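Just below is one structure, and these are the notes that go with it.
The values are calculated or read from the model by the stated rules, or taken from the named source; none is laboratory data. Model, not experiment: these values are computed from the prediction. Cβ placement follows ideal geometry from the backbone for every residue including glycine, while neighbour counts extend to all protein chains displayed.
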Amino acid sequence: MTEKRSNDEWLSALRGPAADQVIAELRAILVRGLQYALSSYDVPDTLIEDFVQEALIKILHNLDSFRGESQLTTWAQKIAIRVAFSEMRRKRWQDVSLEDLLPEDNGDDFTPAALTDDRTHPERAATQHDLLQLVQELIETRLTARQREAILYVMAGGMPLEEAARRMDTNRNALYKLIHDARRRLKKELLARGFTPQELLATFEQPTGRQV
């Protein structure tokens, strides 16, 4: 019966007197789906169970928002996959400190992770190097301590917004505004030093044409 339920039957069953049994059936479907989706990531089954548990909470809370544009199990699986990858990113960063993202005392350059691309053309790499040295100086001298922390976490280290917000005891929207203001200040300082918008875009454009 599980595989043959229509969307309306799923919704009715999940809200009905036998909801616990139906939730268990949906849980089994999500576990199988995540095991397949994460098969190349070597994720233990216990962690997959945790991801599914969190996903089920979101799914049940958002049943009223399900619009029936796909199978309910497909919709639920997409939520589970989003939860899984979000948690995997968060766990990846949980043992990384701000100090780990700072330049070493031996004079190493501050280089955002997004710009460490071995495919970069040598001439472009040299331009990036000079510009990054200036960006490092501006981060140190022109940003507030809060802006600098946000930039180091998210733009330099590539940390997910959710984890950076947790570290900084703030929320995603406030952090986004903090980063937005910091980038505006950096851009203003760079323009004041003679860089044109076109030069900045050309310098930080990946070989594929995608801006970082």
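Quick notes
- Pick from segment 29-44, criterion without any contact (Cβ under 8 Å) to a residue 12 or more places away in the chain and not in a loop (DSSP other than H, G, I, E, B), ranking: farthest from residue 10 (Cα to Cα): 40
- Leading residue by the ranking (surrounded by the most Cβ atoms within 10 Å (Cβ to Cβ)) among those in segment 74-100 that are modelled with pLDDT under 50 and assigned to a helix (DSSP H, G or I): 98
- Residues of segment 1-28 classified as assigned to a helix (DSSP H, G or I) and in contact with a helix residue (DSSP H, G or I) (Cβ under 8 Å, 6 or more places away or on another chain), total: 11
- Matching residues, segment 36-73, being surrounded by 13 or more Cβ atoms within 10 Å (Cβ to Cβ) and under 23 Å from residue 4 (Cα atoms): 37, 52, 55, 56, 59, 60, 63, 66, 70, 71, 72, 73
- Filter pass, residue 28 being assigned by TED's automatic domain parsing to the domain that holds residue 80 and farther than 13 Å from residue 77 by Cβ: no
- Selected residue (criterion: farthest from residue 82 (Cα to Cα)) from residues of segment 27-64 that are modelled with pLDDT of 90 or more and small (Gly, Ala, Ser): 28
- Single residue of segment 20-35 satisfying the filter (aliphatic (A, V, I, L, M) and surrounded by 13 or more Cβ atoms within 10 Å (Cβ to Cβ)) that is farthest from residue 51 (Cα to Cα): 22
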